Each structure stands twice: as C-alpha cells, then as structure tokens.
Amino acid sequence: MPKTQCARLRCQTDATFIFRAESLPDGVPVCNVHRSELEAGAPWAVEQEDGRDVLLLGHDADLAWPRMLRAYSAQGGKDTEIEKGKLERTVQLGLTYGRLGVPGSVDLELNLSLNMAREMALGLLRVVDSAPPMPE
Ligand SMILES: [Zn+2]
C-alpha cells in the first residue's frame, strides 16, 4: 500500500492515522505529531486545494475561521422621530467581531421599535453565548 502524506499544510511526513470529525466524516490522513495536536484540541479547518483536502491547524486555522460576533455592547434608548409623528427607539450597538485572535470592531446605530430592539438584544445574546471563548 503506498504511503499517504499527512494532510496538514506544509507537512511532508507520512500519515499514520485518519482524523475524523462530525463535520469531516471521510477524515484526513495525519502524522503522529499532528494527530497529537488535534487530540490536544488545537483549532483546525479543512480547505480544498487542487482537489485534495488540506488540513489547517493551529495558527493557520485561526485565519481560516469565519468572522464571528464575539461580544457587543448596547447603549442609548433615546426616542427619535424617523417618520413625522412616529417615534422609534435609537439603539447604539458596538460589535466586536473577528477571527480567533484577530478581533475587530464596528459601531452601528440602529433605529428600532422597542419590540424589535428587545428581540435583537435577545438574539445577539444567543450568538455571543454560543461563540467560543477568546484565546488568552
Ligand atoms: Zn503532519
């Protein structure tokens, strides 16, 4: 049986193990060193390159992760007349987003009805609560 090379980016070592995950049912071949890193919980992602799976691990994987909402702050609550005679609530949101270890931020000012503002705050809370913790 021909040797299969470890799928981790830049690794030239022969694979000794097939790494599988729920999002990667077919698995990718990895060497002993990179198997250990995966089992220790290093962040990973798989990208297609020239029709084959390339495993991004550790710092490489950080850059492949999609931007995610990490935290937010909300302030305001002043009433604003958007249409004549119709008051809406103005809410200022500060959003912190970013890939793992690469945070960015943006400030938004939204005009929402009280009900919409409440729903949005609850929705944001769910998103933030489900995000993985920021690395130290
Ligand atoms: Zn390897």
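Quick look at the values:
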read-out: ASP53 long-range amide H proximity, modeled H, under 5 Å; value: none
read-out: Relative contact order of the stretch 17-64, defined on C-alpha pairs under 8 angstrom at six or more residues apart (%); value: 26 percent
read-out: Sequence ranges 17-26, 41-50, 4-13, 78-87, ranked by mean other-Cβ count within 10 angstrom, highest first; value: 4-13, 41-50, 17-26, 78-87
read-out: Ascending count of other beta-carbon atoms within 10 Å, so fewest first, for LEU110, LEU122, LEU56; value: LEU122, LEU110, LEU56
read-out: Charge tally in the Cβ shell below 15 Å around CYS11, where Lys, Arg are +1 and Asp, Glu are -1, CYS11 excluded; value: -1
read-out: Largest-first principal axis extents of the Cα set of the stretch 17-64 (Å); value: 27, 23, 19
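Each value in this text was obtained by applying a stated rule to the coordinates, not by laboratory testing. All of these numbers come straight from a predicted model, not from anything done at the bench. Backbone-built Cβ (ideal geometry, glycine too); neighbour counts: all protein chains shown.
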